[in-house]
Amino acid sequence: MFEFIKGTLIEKTPIKAIVEAAGIGYRLSIPLNTYTRLPAPKSPVELYLSHIVREDSEALYAFATQEERDLFETLLTISGIGPKTGIAIIGHIDISSFQRAIAASDTRLLSKIPGIGKKTAERLVIEMRDKFKTYAKKEKGAAVTFGAGDILLSDALNALINLGYGPIDAQKAIAAVLEEKKDETDLGRLITAALQKI
C-alpha cells in the first residue's frame with residue numbers, strides 16, 4: 001500500500017521516527033540500524049515503508065533501504081516471525097551477514113539476535129535458504145554467492161560477538177578490515193585486525 005515516505009524528520013528514538021510529510025506527522029517503527037543512519041531532526045529524510053495490519057493494530061515500519069524493507073516482509077512469511085522479531089533481525093545484523101549465516105547454517109550467530117532462540121534460528125535457516133535461492137533467480141545472479149570465505153567471515157563475526165561486541169559493531173569492523181585486505185584468509189589475523197577497528 002505504501003512504498004516510501006519523503007519528508008522532514010521531526011523526532012527519532014532507537015525504536016521510532018516521526019516524519020512530517022504534506023502536513024501530516026507519521027509515526028514509524030524502525031530497526032536499530034535505521035536509527036543510527038537517520039539525520040538530525042529537522043533534516044529531510046526518505047525511508048521505505050511496510051504497512052502491517054493486524055486484527056487489533058495497524059503500524060508503519062520504516063527502513064533505510066528498500067532491500068531491508070523487502071527482507072523484513074519476507075521474514076514475516078515465516079511461521080513464528082512477527083513484526084517485532086523481524087525488525088530485531090533487520091536491526092541487529094546486516095543483510096549480507098544474515099545471508100552468510102543462513103548459507104552456513106550458523107544458528108549460533110542467529111541465536112544472538114534478540115528474540116531468536118535456537119528453534120527459531122533453525123527454522124530461519126531452513127525456510128530462508130529456499131527464499132534466498134528464489135530471490136537469487138529473480139535477480140539473475142545479483143545475489144550474494146557463498147564460499148569458503150563466507151565461513152571465515154561467519155567465524156570471525158562469532159568470535160567478536162563471543163568477546164562481548166555487538167553484532168553491528170563486529171560487522172562494521174570486519175567489513176573495514178576486508179576493504180583494506182580483500183584477500184585475508186587467516187582467521188586469527190582477521191579477528192586481530194577487526195579488534196583494532198572497534
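FYI, it's all coordinate maths here, none of it is from the lab. Since the model is a prediction, treat every value here as computed from it, not as a measurement. Glycine gets a Cβ as well: all are built from the backbone with ideal geometry, and neighbour counts include every protein chain shown.
Between rounded, prolate and oblate, where does the chain land on the alpha carbon gyration tensor, with a ≥ b ≥ c its root eigenvalues, rounded for a/c under 1.5, else prolate if a/b exceeds b/c? Please list the in-between numbers first.
Details: a/c = 1.94, a/b = 1.46, b/c = 1.33.
Note, shape of the chain comes out prolate.
I'd like the distance separating the alpha-carbon centroids of the stretch 14-36 and the stretch 46-91, in whole Å.
So the separation of the two Cα centres works out to 13 Å.
Mind checking the alpha-carbon convex hull of the stretch 148-197 and giving the volume per residue in Å³?
On the way: hull volume 3.1 nm³, N = 50.
Considering the Cα atoms of the stretch 148-197, their hull volume per residue is 61 Å³.
Just going by the charge dipole of the chain, with Lys and Arg at +1 and Asp and Glu at -1 on Cβ, which of 195, 163, 8 is farthest out on the positive end?
Result: 163.
Order these by the 10 Å Cβ neighbour count, fewest first: 35, 48. Could the numbers behind the result be given before it?
On the way: 35 16, 48 20.
Arranged by neighbour count, lowest to highest, 35, 48 become 35, 48.
Sort 68, 180, 122 so the one with the fewest other Cβ atoms within 10 Å of its own Cβ comes first. Present the calculation step by step, with values, prior to reporting the outcome.
Details: 68 23, 180 9, 122 14.
Ranking 68, 180, 122 by Cβ neighbours within 10 Å, fewest first, gives 180, 122, 68.
Ordered by residue, what ³J(HN,Hα) values in Hz, to whole numbers, does the stretch 51-61 give under the Karplus form 6.51 cos²θ - 1.76 cosθ + 1.60, where θ = phi - 60° and Gly and Pro are x?
9, 10, 10, 10, 4, 10, 7, 9, 8, 10, 10
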